[in-house]
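Data block below; observations after.
Every number in this text was worked out from the coordinates using simple rules, so none of it is lab data. This one's a predicted model, so the numbers in the text were calculated from it and none came from an experiment. Please note: Cβ atoms are built from the backbone with ideal geometry, for glycine as well, and neighbour counts cover all protein chains shown.
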Amino acid sequence: MFELYSANTPNGQKITIALEELGLDYKLNKLNLGLRDQKQPAYLAINPNGRIPALVDQSNDGFAVFESGAILIYLAEKFDKLMPSDSNGRSLVMQWLMFQMSALGPMMGQAGWFLRSAPEQMPLAVERYQQETLRLYGVLDARLKKSTYLAGDSFSIADISTWTWARNAKYAEVDDSGFPNVRRWVEMIGDREGVKRGLARLK
């Protein structure tokens with residue numbers, strides 16, 4: 001039913017996890033980011049942004065969806081799972097999904113890039129993104145102190161999207177030991193069989 005183009009990154013892991021949690025069959029095409037598979041014309045025809053992941057729904061006339069958050073929403077709506085049906089519950093999922101997409105992912109990604117890939121050391125940039133990452137962990141910890149999952153009592157695409165980043169504190173070289181609720185949640189999500197299978201598919 002689905003053809004997935006992805007790689008073993010936090011954004012790529014979101015979709016294999018979602019597909020496994022939904023119990024769906026899919027063909028996985030692993031892209032080699034180092035060889036710039038994601039910039040080749042055939043892939044750009046599917047995802048004009050030249051990033052991973054991208055999903056093609058063969059049951060919907062080959063409809064292509066790119067951007068990890070958009071793919072998660074598409075799957076949740078198509079199968080009426082991993083998203084509450086009531087308007088308030090749906091809004092909570094969308095709020096926390098956007099929190100990851102607009103804040104946690106970009107801040108951690110920038111911290112990691114300046115630590116590992118910048119052509120010269122830029123301590124001010126590293127500190128700026130690390131401090132913002134820690135602030136965002138604090139936001140997550142406060143939420144998870146009063147809620148089992150990010151959007152309430154049910155596991156959702158907001159948890160999938162945020163977990164693939166939040167579990168990787170070492171990537172941004174920040175200390176997450178001061179966020180016990182995040183650590184509890186990271187461990188709990190990591191114990192799910194669908195999550196384990198989703199990670200394993202990309203290795």
So for the range 64-176, averaging the separation of alpha carbon pairs under 8 Å that are six or more residues apart and normalising by length, what relative contact order in percent results? 34 percent
Across the range 158-175, in residue order, what do the Karplus-derived ³J(HN,Hα) couplings come to in whole Hz, using 6.51 cos²θ - 1.76 cosθ + 1.60 with θ = phi - 60° and x for Gly and Pro? 5, 5, 4, 4, 7, 4, 5, 8, 4, 6, 10, 4, 5, 4, 8, 6, 10, 9
Quick one: which of 27/203; 78/145; 30/196 span more than 23 angstrom between C-alpha atoms? 78/145
Can you give me the Rg/Rh ratio for the range 85-203, using Cα atoms for both radii and the Kirkwood formula for Rh? 0.99
Ranked packing of 157-163, 175-181, most packed first, by mean Cβ within 10 Å: 157-163, 175-181
Quickly estimate the mean residue ellipticity at 222 nm for the chain, helices only: each DSSP H run with n ≥ 4 gives -39500 (n - 2.57), and the total goes over all residues, rounded to 500. -16500 deg cm²/dmol
Let's see if you can work this out: charge +1 on each Lys and Arg Cβ, -1 on each Asp and Glu Cβ, no other charges. What is the dipole magnitude of the range 50-203 about its Cα centre, in debye to the nearest 20? 300 debye
What span do the alpha-carbon atoms of the chain cover on each of the three principal axes, reported in whole Å from largest to smallest? 47, 45, 27
So, relative contact order of the chain in percent, Cα under 8 Å, 6 or more apart, is 27 percent
Burial ranking of peptide ranges 141-147, 12-18 (average Cβ count within 10 Å, highest at the top): 12-18, 141-147
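Within a Cβ distance under 14 Å of residue 116, other residues only, what is the Lys/Arg minus Asp/Glu net charge?
-1
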Please get the size of the charge dipole for the range 1-89, origin at its Cα centre, with Cβ charges of +1 on Lys and Arg and -1 on Asp and Glu, quoted in debye to the nearest 20. 460 debye
Here FRET efficiency (C-beta to C-beta, residue 79 to residue 113, R₀ 30 Å, nearest 0.05) is 0.30
